[in-house]
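Any read-out appearing in this document is the output of simple, stated calculations on the displayed coordinates, not a laboratory observation. Owing to the predicted nature of the structure, the values given are computational and were not obtained by experimental measurement. Here Cβ is always computed from backbone atoms with ideal geometry, including for glycine, and neighbour counts include all displayed protein chains.
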Amino acid sequence: MNVKKSILIRVRTVFLIGSLFAIAIAYRIFHIQFVDGAEWRAKSSSFTKKVVKATRGNIYAVDGSLLATSLPLYRLGFDPSISNGKDKKLAKIFEKGVDSLALLLSQKFETYPASYYRNLLVDARHNKKKFIYLSRGFSLTYRDQQEMKSWPIFREGKNKGGVIFEKIYKRFHPFKELAFRTVGFINEDNFGAGLEASFDQMLAGTNGQATYQRIGGGVSRPIFDGTEIRPVDGFDVVTTLDVNIQDVAESSLLRALREYRAQFGCVVVMEVETGEIKAIANLGLEKPNPTMDPMAKYIEKYNYAVGRKHYPGSTFKLASYMALFEDGKIKLKDTINTGNGKLQVAKDQWIKEANDHAYGRISVKDAFAKSSNVAVAKLILNTYKTQPEKFLQHITNFGLAEPLNFQIRGAERPFFRLPSDKKHWNNAALAKMSYGYESEITPLQTLAFYNAVANKGKMVQPIIVKEVRSNDKVAKKFEAKVIREKICSDETLAALREMMEAVVEHPKGTGHKIKSDLYKIAGKTGTAHKFENNKWIDNSYYTSFAGFFPSDKPKYSAIVIVDSPKLGLMAGDAAAPVFKDIADKIYANDVEMHQLLAEKESSMDVPEIGAGKFEELHEICNKLKISNYEKGDSKSDWVGSMTSNKAIYWKANLLEKGKVPDVKGMSLRDAIYLIENFGYRVRTSGRGRVTSQNPKPNSQMAEGGVIMVTLG
């Protein structure tokens, strides 16, 4: 055979083989597309890509306490088809372990008997199901997962035992309702509030993706085939909040709201120099309280401090007097005749003093201390009646007319009536604005202004988030921006501070009930008649107190709002005592502030200490120069206390694994720390220190049990 013929045969052979292969491929494509098409399309549609949510970042208090975190939880799934294959060993593993597994599931979930779970597992295997959920209605912890991995069948793992732990994340607030509205929430529709919503982009992270297979009955199972995209966890947010001050603020506010049968209230505590918010409490009635029930429930349902503006009332007089001092129109010792407590400011429009007081001729300082409406209105009208724009310009210069651009979104913009509003502007509008009407601002806006007076005239932007972190590294740092370097002169500041001190120190000052023998408070009461639905509401007032302490070296400023109190209608009765209660507790626990307290210790009763960590309590007592001694020979890191002869005696709190720890008298922070370190879970109710617990201390209880803690 010649070469040419040989080559030709080979070419034809290759061509024939190639043609047959092509025909086979075409046939297979045709068969898959048209003969088996429906089956393959059904299988294809059973696989879907689902979003795997990233682990949401944590929210921390300034001391590192967790305010919100995402706990990794699990759903328990099972693939019975694993034991239906050719491997007889896997079938024996199932048959041998199914009874024990059913019993363990029954004991774990306490919902159905062991027979139910056995039938569920056996029937699923018999019906050749590829996936079933075993933990419907339950979320498993990491500890649960580790325990179940040792159970019969499950101990063989996913590939041989068929067990599937599907990870999910659930938002958890260790301090329960503490700062709940401020911490906020975000739901599945991306609607939310507070820090969770305002910093959602940073907290959320980047979602991943995984493949799930639908296997009938509305059930899908995850397929780990290597195509999944791992999510990127969110950033952590570190706030400026102090859990101890927050706890004090909420407890004091709640007591006042219940005592005065108020609608709602809020408290904001800010560090003067830094602008850092240390506490922000918002409490409103869960439902109307027409019967004036003293134990009505209040919840954090709205951020009144940031998101709701009102007539500020007499707290605004500070701005009016600041303008007058800046223009050189008044001095502290000047006097003004307020007559019989009435002043006509327009046709058929009169200004009256609260409670029909008549002060006659009164000094500027006393007019502020006694909160004379006539005095401030008369002074403002005499100075700015022909040039109201000048007064409004002062308000702008003081930083009151501009939004604060606070880190929590949803803040209301300030409102001030303008002379250009010809329909509503007249002398009466200017006069009313001088003592807190014809304008609306939020409590936080008022506080920022008062804080500037405390901060030597420098107005700083309040902040509530210090840092954003990733893996303990600072990704972004926040500091308070300076809104105004100087809102007024030092001479004006000195005069205003003296006037604000007189509000509390003067025997007839509107805040005289909160005078302290330990330190001075500078502030101003505000009581504004409520105007809703185009009418004035009878006997309904918005009461407030704004100020700072200690007034000689201000460290903290604060504002308290008590809205619509049914008892104690005036701010000096309702709002001011809350301010003092908070200030007293902060002062007593702040080592830098209570030198005066230590000097007067000899004439004071020993303060109530409660219980907690010995090292911390011992150090505080030593710095306060309070005599304290260990009682008995027993040593313990945790102690209770008792008082005798103006001294504290520490009693060891002996703790034992497997027994419920005694947390009575402890702060919420210490109680949670101790209980969780013993392997128990915590449920709380109330605010303050622990007054009771269930189960009782030292009773036997296995790890994972729940301890109910009541605070008061």
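Structure notes:
- Pairs exceeding 24 Å between alpha-carbon atoms, taken from LYS128/LYS158; LYS390/LYS555; LYS88/LYS128; LYS129/LYS149: LYS390/LYS555.
- Between GLU479 and MET701, the FRET efficiency from the beta-carbon distance, with R0 = 45 Å, is close to 0.45.
- Cβ-defined net charge surrounding SER252, 13 Å radius [Lys, Arg +1; Asp, Glu -1]: 0
- Using the Karplus relation 6.51 cos²θ - 1.76 cosθ + 1.60 with θ = phi - 60°, the per-residue 3J(HN,Hα) values for segment 430-437 come to 5, 5, 5, 4, 4, 10, x, 10 Hz, with x marking Gly and Pro.
- Local electrostatic count, ALA575, Cβ distance below 15 Å [Lys/Arg +1, Asp/Glu -1]: +4
- Likely footprinting exposure, ILE277, ILE25, fewest C-beta neighbours within 10 Å first: ILE25, ILE277
- Ordering of 156-167, 694-705, 519-530 by burial proxy (mean other Cβ atoms within 10 Å per residue, highest first): 519-530, 156-167, 694-705
- Computed 3J(HN,Hα) for segment 8-16, one whole-Hz value per residue from the Karplus formula 6.51 cos²θ - 1.76 cosθ + 1.60 where θ = phi - 60°, is 5, 5, 4, 4, 5, 4, 4, 4, 5, glycine and proline marked x.
- Beta bridges assigned by DSSP with both partners in the chain are antiparallel in approximately 90 percent of cases.
- Per residue, the average separation of C-alpha pairs within less than 8 Å and at least 6 apart gives the chain a relative contact order of 10 percent.
- Orientation-averaged projected area, Cα convex hull of segment 495-596 (nm²): 7.2 nm²
- Each of HIS126, HIS394 was scored by other Cβ atoms within 10 Å of its Cβ. Listed from fewest to most, they are HIS126, HIS394.
- Reported to the nearest whole Å, the Cα centre-to-centre distance from segment 71-104 to segment 405-443 is 69.
- Gap separating the Cα centres of segment 473-505 and segment 351-374, nearest whole Å: 26 Å
- Residue exposure sequence - ARG261, ARG125, ARG136 - by fewest surrounding Cβ within 10 Å: ARG136, ARG261, ARG125
- Counted charge near ARG497, where neighbours are those whose Cβ lies closer than 12 Å (Asp, Glu -1; Lys, Arg +1): -1
- Overall form of the chain per C-alpha gyration tensor (a/c, 1.5; a/b vs b/c): prolate
- For segment 494-597, the relative contact order works out to 22 percent when only alpha carbon pairs closer than 8 Å and six or more residues apart are counted.
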